[in-house]
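In what follows, a single structure is set out as structure tokens and then discussed.
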Amino acid sequence: MGCCTSKSADSKASRAARWRSTGIVALRDSKLKALIKFSLFNTDGLYEVLDLERSVRTLDLTNNKLVDVPTEINKLINLQRLVLTENVIERLPMNLGKLQYLKVMALDGNRITTLPDEFGQLVKLEKLSISRNLLLNLPETIGSLRNLMLLDVSNNKIKFLPESIGSCFSLEEIQANENSIEELPLSVCNLVHLKSLSLDNNKVKQIPPNLLKDCKSLQNISLHGNPISMDDFQQMEGFEDFEGRRKRKFDKLIDSNVMINSKGLDEGVDL
């Protein structure tokens, strides 16, 4: 009995030492139910993780059974990547915004209905992926994420994107497929670095009239399954320039000998 206890302690100590030296904590598929400091029910709990504090830069808890994220997560003040995909998380703590060095957050495949306003404090965030949740909207404070380059909110219940999204000046890609979005805010025309906009299977009837003219980096718009006509789209100011950028993009792909699937290249505008 004593021998087994000693081996278990040694194992936990070596694991903690490895996490501390690499800064990477990966506990995928570990059947974890809680991210807490002490656990009487799960010997593979994460009580060591929160004690590492400044050492942790990546925390990957993909495919567990986590229901929530504890407020103690703010101890991981140097965290840069937080991956919580494929859990059953329903809410996020307000003090998540204190993770000032966070660059990547992946929350896909959970049960999250809202994001706290404090999300806007994650000013270094570059990639936010929160697809396959139950989001009804995004907080207006998302406009404070000036370094955000990728936003994926596909497969939620979102009816509109906030006007403040136009202040996310670094955005290059928006994935918002499979929602209930009816129209886009005029502010998306401010996103001069936007390259790809995917809105498949929504309720979009029209897009801002200056979108193609003002978003001069835009190369792909995907509007499959929306009540918008191709004629309306083609008559928009800036359509010819957009077409030129789109074709140059796919010419480069073909010249690079990219693989083309049986359906051919999806040019992104199939209305």
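Taken together, the values in this text are just the output of simple stated rules run on the coordinates, not laboratory data. Quick caveat: nothing in here was measured; it's all calculated off a predicted structure.
In percent, rounded to a whole number, the relative contact order of the range 67-177 is 20, using alpha-carbon pairs under 8 Å and six or more apart.
Our summary gives the range 191-237 a relative contact order of 50 percent, counting only alpha carbon pairs under 8 angstrom and 6 or more residues apart. Over the range 18-255, what relative contact order in percent results from Cα pairs under 8 Å that are six or more residues apart? Computed value for the range 18-255: 10 percent relative contact order. Please label the shape of the range 18-255 as rounded, prolate or oblate, based on the square roots a ≥ b ≥ c of the eigenvalues of the alpha-carbon gyration tensor (a/c under 1.5 means rounded; beyond that, a/b larger than b/c means prolate, else oblate). Verdict is prolate for the range 18-255.
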